[in-house]
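See below for the structure under consideration.
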């Protein structure tokens, strides 16, 4: 029988996870510290809400009003993917305020230079490499006739 978790149980589980090391581990690392389970359907709904929210925030910032040469939705797909990944970890405020050099390169559509500025502290090296390679792929595509 499925029993919904109380608010206190949710807070307790959150507090337990929050005490664990952050950023260098895959989600599976945290499994031994959890007891609550969400239904797959609810997970999909939450994921879609988050993606839509991040997308709206990215569209709201990456546009010509803020000095970018193109709007977010018109940027190469790889750049959109890289920025979505970064906004997931950082939030739009940190992405705007802490990645000033990267954003300066994005304003000029210098994707290769943006790649060099995209490294995040406390994130798995493979994930940082993934984002860097997305920018580099956009740079390579931009050079093709």
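Readers should treat all values here as calculations from the given coordinates under stated rules, not as data from a laboratory. Keep in mind it's a predicted model, so treat the numbers as computed, not measured. When we count neighbours, we look across all protein chains shown, and the Cβ atoms used for this are built from the backbone with ideal geometry, even at glycine.
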Pseudo-spin-label distance residue 44 to residue 6, built 7 Å along Cα→Cβ, given in nm, is 3.2
Taking Cα pairs closer than 8 Å and at least 6 residues apart, the relative contact order of the chain in percent is 21
Candidates 66, 103, 128; GNM for the chain (alpha-carbon contacts under 10 Å) flags as most fluctuating 66
Note: probe point = Cα of residue 121 + 7 Å toward Cβ; backbone nitrogen < 20 Å; residues of region 94-110 passing the test are 94-104
Connecting every pair of Cα atoms under 10 Å apart in the chain and solving the GNM, the largest mean-square fluctuation among 39, 49, 110 falls on 39
For 77, 135, ascending order of other Cβ atoms within 10 Å (fewest first) is 77, 135
Listed with the fewest Cβ neighbours within 10 Å leading, 25, 55 appear as 25, 55
For the chain, the longest principal axis of the Cα atoms and the Cα long axis of helix 40-61 enclose an angle in degrees, to the nearest 10, of 30
Between the Cα axis of helix 7-18 and the main Cα principal axis of the chain, the angle (0 to 90°, nearest 10) is 50
Ordered by fewest other Cβ atoms within 10 Å, a rough proxy for footprinting exposure, 106, 43 read 43, 106
The simple spin-label model distance between residue 52 and residue 34, using points 7 Å out along Cα→Cβ, in nm, is 2.3
Helix 125-143: inclination vs the chain longest Cα principal axis, degrees, rounded to 10, gives 30
Gyration tensor on Cα atoms of region 43-145, a ≥ b ≥ c root eigenvalues, a/c under 1.5 rounded, else prolate if a/b beats b/c, else oblate, says rounded
Helix-only [θ] at 222 nm, the chain, -39500 (n - 2.57) per DSSP H run of 4+, per residue, nearest 500, equals -20000 deg cm²/dmol
